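Worksheet for the structure shown next.
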Amino acid sequence: MLATGMFTLQMALLVVGLAMVGASIAQYGKRTHDWAGVVKMFYKRVEMTTSEYKSYRLGVALFVLGVVVRIVNLTFWPV
């Protein structure tokens, strides 16, 4: 029962995290019309608005939290 809940939580965190990162990338691309800058976003600093930055960082944090939940899930309930 708990393993199923952990799996659901893990998938929800991963999907929401990726969706937030994708939304912030789309906001940046629409605002600047610099779609090549989207690639630079992962290895170099680009100028983002506050809302884009918050959405991007929260999405990354949720994604990492989903990975941590996955590790905990596999530690206590191995497949």
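The values are calculated or read from the model by the stated rules, or taken from the named source; none is laboratory data. In this text the structure is predicted, and so the values were computed from the model without any measurement. Cβ sites come from the backbone with ideal geometry, for glycine too, and all protein chains shown count toward neighbours. The area values use the complete protein model at the heavy-atom level, side chains included, leaving out ligands, DNA and RNA. Shrake-Rupley method; radii C 1.70, N 1.55, O 1.52, S 1.80 Å.
Residues checked against (1) over 25 Å from residue 69 (Cα atoms); (2) not in a loop (DSSP other than H, G, I, E, B):
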| site | (1), (2) |
| --- | --- |
| 5 | no, yes |
| 12 | no, yes |
| 15 | no, yes |
| 20 | no, yes |
| 23 | no, yes |
| 27 | yes, yes |
| 30 | yes, yes |
| 45 | yes, no |
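Conditions tested, residue by residue: (1) more than 16 Å from the chain's Cα centre (by Cα); (2) touching a residue at least 60 places away in the same chain (Cβ under 8 Å); (3) surrounded by 13 or more Cβ atoms within 10 Å (Cβ to Cβ).
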{"site": "1", "(1), (2), (3)": "yes, no, no"}
{"site": "4", "(1), (2), (3)": "yes, no, no"}
{"site": "7", "(1), (2), (3)": "yes, yes, yes"}
{"site": "13", "(1), (2), (3)": "no, no, yes"}
{"site": "20", "(1), (2), (3)": "no, no, yes"}
{"site": "25", "(1), (2), (3)": "no, no, yes"}
{"site": "31", "(1), (2), (3)": "yes, no, no"}
{"site": "36", "(1), (2), (3)": "yes, no, no"}
{"site": "39", "(1), (2), (3)": "no, no, no"}
Taking the condition open to solvent by 80 Å² or more (accessible area, probe 1.4 Å), in a helix (DSSP H, G or I) and not polar (S, T, N, Q), does residue 53 pass? yes
Taking segment 41-50 on its own, how many of its residues are surrounded by 10 or more Cβ atoms within 10 Å (Cβ to Cβ), over 20 Å from residue 16 (Cα atoms) and not acidic (Asp, Glu)? 3
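Residues checked against (1) hydrophobic (A, V, I, L, M, F, W, C); (2) touching a Leu at 6+ places or on another chain (Cβ under 7 Å):
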site: 14; (1), (2): yes, no
site: 18; (1), (2): yes, no
site: 31; (1), (2): no, no
site: 44; (1), (2): no, no
site: 62; (1), (2): yes, yes
